[in-house]
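Working notes, structure below.
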Amino acid sequence: MKYKILRIIFSFILLGSVLGALNGYWSGWFILLVAVIYVSTILILSTNIRLNFFQNSIHSAMGREGIGLSFDDGPHPNTLKILDILDEFEVKALFFCIGKNIAEHPEIYREIIKRGHVVGNHTFSHSRKFGFLSTRAIISEIQQCDHIATEVAGLKTNLFRPPFGVINPKVSRAITATGHITVGWSVRSYDAITSSPDKIFQRITKDLKAGDLILLHDNIPQSAKVLEQLLVFLKQKNLTAIRPDHLLDIDAYS
Ligand SMILES: [Zn+2]
């Protein structure tokens, strides 16, 4: 609906700019400017999952006590370190796993579940071109990931997080077709682009509050150090880490 309104507004602006240019009120460059603004707007809206523009996603549980921890892009050999640290602090987390990584490390995937954590779908291949795929290709990416999860661990996850947090009209249509619940985040660590654990830790804890859902990556070596620091910090601040599906009050499996 919001997208329809945006398209109508821009269509009128574009029509006005074409008519204005034809009648000599302004140069033809104005049409190009309108087109560039439109494309930039769509790009900003589709790469900011928290704006809920194309699809409603769950990002946090404001008003609830505790915080949630989520890890993307595993399973990976580094995931085992993360699991040991979580065990040490008796914390349960949510892991959005990539299908091809589940196929590569089925024993680590099963270990995540065995230790009481919850898993979600993060597509089969985590394609860099995810934002440019057709609706059919996105549905296939989600279903392939579901398929391997069922094959390896015998479960069907309801939860989905799009790679890079990209949600455009095609992704939205695909999610509606597969029936998943989309889970975003309220605190992004940018751990994939910063190598300093201290910087990542500071970024996460700067404005951290009850109800927040934190995004980390379990396939990144520095995540283990960040997680240890973070769990000590949470204890000091009396913030309990609650398994995200419980924190957000959603059913992880069907
Ligand atoms: Zn990812």
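Each reported figure results from applying straightforward, stated rules to the coordinates on display, with no laboratory input. Model, not experiment: these values are computed from the prediction. Every residue, glycine among them, receives a Cβ derived from its backbone with ideal geometry; neighbour counts consider all protein chains shown.
Computed over the chain, the Cα gyration tensor eigenvalues convert (square root of 5λ each) into semi-axes of 38, 21, 16 Å, ordered from largest to smallest. Working value for the range 105-153: equivalent-ellipsoid semi-axes of 24, 10, 8 Å, each the square root of 5 times a Cα gyration tensor eigenvalue, largest first. Seen from Gly63, the other residues with C-beta closer than 13 Å to its C-beta sum to a net charge of -1, counting Lys and Arg as +1 and Asp and Glu as -1.
Taking each pair of different alpha-carbon atoms in the range 1-88 once, compute 1/r for the pair, average those values, and report the inverse of that mean as the Kirkwood hydrodynamic radius in Å to one decimal. For the range 1-88, the Kirkwood estimate is 17.4 Å. At q = 0.12, 0.17 Å⁻¹ the log10 of I(q)/I(0) for the range 130-254 amounts to -0.57, -1.02, computed by Debye summation with a single uniform scatterer per C-alpha, solvent ignored. The Cα atoms of the range 158-198 cover 41, 18, 13 Å along the three principal axes, with the biggest extent listed first. Pairs of Lys residues in the range 68-247 are counted when their Cα atoms are under 17 angstrom apart and they lie 8 or more places apart or on different chains; the count is 15.
Remark: C-alpha extents of the range 2-46 on the principal axes read 34, 16, 8 Å, sorted largest to smallest. Among the GluC sites (Glu not before Pro) found in the range 42-104, those both in a DSSP coil and sparsely packed, with 14 or fewer other Cβ atoms within 10 Å of their Cβ, are Glu65, Glu90. Sites listed here are chymotrypsin sites (Phe, Trp or Tyr not before Pro) in the range 21-65 whose DSSP assignment is loop and whose Cβ has at most 13 other Cβ atoms within 10 Å: Tyr25, Trp26. Filter the trypsin sites (Lys or Arg not before Pro) in the range 133-197 to those in DSSP coil with at most 13 other Cβ atoms within 10 Å of their Cβ, and list the result. Within the range 133-197, the qualifying trypsin sites (Lys or Arg not before Pro) (loop, at most 13 other Cβ atoms within 10 Å) are Lys156. Against the chain, whose longest principal axis comes from its Cα atoms, helix 223-236 is set at around 80 degrees.
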